[in-house]
Amino acid sequence: MHTKLDIILPAHNEEGNIHLIYEQLVNALASTNYQYTILFVDDGSTDKSLEHIKELAKKDNKVKYIELSRNFGHQNALKAGLDASIADIIIMMDCDLQHPPHLINELLRNHELGYEIVRTHRVDHEETGYLKTKTSTLFYNLVNKFSDISIEEGSADFRLISGGAITYLKSFNEFDLFYRGLVKWIGFKQISIEYKAEKRYSGVTKYTYNKMLSFGVKGFTSFSTKPLYFAAYLGLFFASMSLLYIPYIIYTFYMGTEVHGWASVIATVAFFGGLNLMILGIIGFYISKLFIQSKNRPHYIIKASNL
């Protein structure tokens, strides 16, 4: 009996990549003995991505699709595919060909060596922007320093998951999903392999700097409560420092010295006001996560599927 393998590919406006990634996947899997399915999750595309996927599905019964009712985001699209899968092994990857399909054989070889989870971490090509590289490095340094997990720099949503790891990963129902952290957090026997990121074949990246910042904040707050402690300690520090001002007040009172410098007073008030707002903002991030989670809304809505 052949082992069942599902390739889950979230797709949002990837009409120029659908056919090519399908061909490369078929070529990569041709030499394997796995009973595979290529599962596209159309995440509210507004181009002809879904049409191309349906064309492939008519020609090849190994091609399946899930059409979401709107764009729910990359992580939720991954969850839709994960929830729908009944395979023994799942490989998650992007549709833009930056996750090279030929690397699937390397993932499978590591799985056959006994690893239940095979992760990947990206090595950027020379054309990668300086700002993107530095912000990525900063994000992973902060996550590793302030949380209880350690994630390799350049970790990608290109991974193999198998066995019990699939069951536990499906069970997570938190609203701000961050699979790069969750996969590392659940444990099991894991290994990470390196790959060189290819250039996007067609279309434009969906991760603008604003989206990357939002994704980074969600990932950071999902695995660390230390910013809350930092805010508390920072407030305590400045409150203690303010006590040092008491001897100066007593001195000027007895000496009858007139206090000058309203500008310095305004600057001090503005500084501490900004500090308070920053601390409230940190707390607000966590409260907003609790508020959204309490609504218990579904992560996605399936409009149509051929599963």
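The values are calculated or read from the model by the stated rules, or taken from the named source; none is laboratory data. What you see is a predicted model, and the numbers here were worked out from it, not measured in a lab. Reconstructed Cβ throughout: ideal geometry from the backbone, glycine too, with neighbour counts over all protein chains shown. Calculation scope for accessible area: heavy atoms of the full protein, side chains included, ligands and nucleic acids excluded. Shrake-Rupley method; radii C 1.70, N 1.55, O 1.52, S 1.80 Å.
Tabulated results
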| quantity | calculated |
| --- | --- |
| Residues (among the polar types (S, T, N, Q) and not in a loop (DSSP other than H, G, I, E, B)) located in the stretch 23-48 | 24, 27, 35, 37 |
| Residue in the stretch 76-89 that is in a loop (DSSP other than H, G, I, E, B) and among the β-branched types (Val, Ile, Thr) present | yes |
| Residue check for residue 25: of a type in the set (A, V, I, L, M), farther than 21 Å from residue 177 by Cβ and either free of Cβ contacts under 8 Å to residues at least 24 places away in the same chain or buried (at least 21 other Cβ atoms within 10 Å of the Cβ) (or both) | yes |
| Positions within the stretch 85-116 being open to solvent by 40 Å² or more (accessible area, probe 1.4 Å) and either touching a strand residue (DSSP E or B) at 6+ places or on another chain (Cβ under 7 Å) or farther than 19 Å from residue 22 by Cα (or both), in sequence order | 86, 88, 106, 109, 111, 112, 113, 115, 116 |
| Hits in the stretch 16-36 (condition: within 20 Å of residue 75 (Cα to Cα) and of a type outside the set (A, V, I, L, M)) | 17 |
| Within the stretch 121-140, tally of residues that are within 20 Å of the chain's Cα centre (by Cα) and either of a type outside the set (Ser, Thr, Tyr) or modelled with pLDDT of 90 or more (or both) | 10 |
| Residue among 157, 176 that alone is open to solvent by less than 10 Å² (accessible area, probe 1.4 Å), modelled with pLDDT of 70 or more and assigned to a loop (DSSP other than H, G, I, E, B) | 157 |
| Cross-chain or 6+ apart pairs with Cβ under 8 Å, the stretch 81-97 first and at positive phi, then open to solvent by 10 Å² or more (accessible area, probe 1.4 Å) and of a type outside the set (Val, Ile, Thr) | 97/20; 97/24; 97/198; 97/200; 97/201 |
| Residue match in the stretch 49-68 (condition: assigned to a loop (DSSP other than H, G, I, E, B), modelled with pLDDT of 90 or more and among the polar types (S, T, N, Q)) | yes |
